[in-house]
Structures are given as C-alpha cells and as structure tokens.
Amino acid sequence: MSRKLHVKREDLVVVITGKEKNKRGKVISVVTKKECVFVEGVNIQKKHVRKNQQHPNGAIVEREGPIHVSNVMLASKFDARASKRTVAPEQVKA
C-alpha cells in the first residue's frame, strides 16, 4: 500500500545522505509504490542500449537512477534548517 510522500514532481530537493549528499535538483518523477524519486542530475547511471533506429550501433546512455524518498528533503526546508544552525555574530553572547 502506497502512502502520501512529502515531495512531488517539479519540487526542488536536496539529497541529505549517500554518495550524492548535498546535491540539488528538480524531481523528475515519483514512484509511490517503491517510495523513490528520480532527481534531475543526481544518481546518474549508465544504461547499455541495444541497436535501434535512434542508436544504430547501440549506445551507453546516462540517465538518472532512483533515490529513496527518505534520502531527500525539500530545498526550502533544508535552507531554513541551515540558517537556523548558523548564528549571527551579534547574537553570540560574550
């Protein structure tokens, strides 16, 4: 059974864990059954393609791979959290 996810298509997200940590991108698609998202420019994988009309000799195509939804956060929420952590110099008590 699929549940409601905190991201949807066209949202700007930040990857918060894994090898692609701190990378930003726009959500291309969401797969609710597997609870994963495809983010533009993140988790690039190589796919070997057979010969066809578009690739007469076959090819190695790079495309985005899935990322689990728990590993991404909305960019606006991420920036708000980061600004909370940094303290302005005048707020520091001497």
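Computed quantities for the displayed model
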quantity: Hey, Lys46 more than 15 Å from Val13 (Cα to Cα), outside any strand (DSSP E or B), of a type outside the set (Gly, Ala, Ser) and touching a strand residue (DSSP E or B) at 6+ places or on another chain (Cβ under 9 Å) or not; calculated: no
quantity: Filter pass, Glu20 being surrounded by 12 or more Cβ atoms within 10 Å (Cβ to Cβ) and at pLDDT below 95; calculated: yes
quantity: Tally of residues being closer than 16 Å to His68 by Cβ and not in a loop (DSSP other than H, G, I, E, B) across the stretch 1-29; calculated: 7
quantity: Hits in the stretch 33-48 - residues which are surrounded by 14 or more Cβ atoms within 10 Å (Cβ to Cβ) and over 11 Å from the mean Cα position of the chain (by Cα); calculated: Glu35
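The values are calculated or read from the model by the stated rules, or taken from the named source; none is laboratory data. Small disclaimer: the values here were computed from a predicted structure and weren't measured. Every residue, glycine among them, receives a Cβ derived from its backbone with ideal geometry; neighbour counts consider all protein chains shown.
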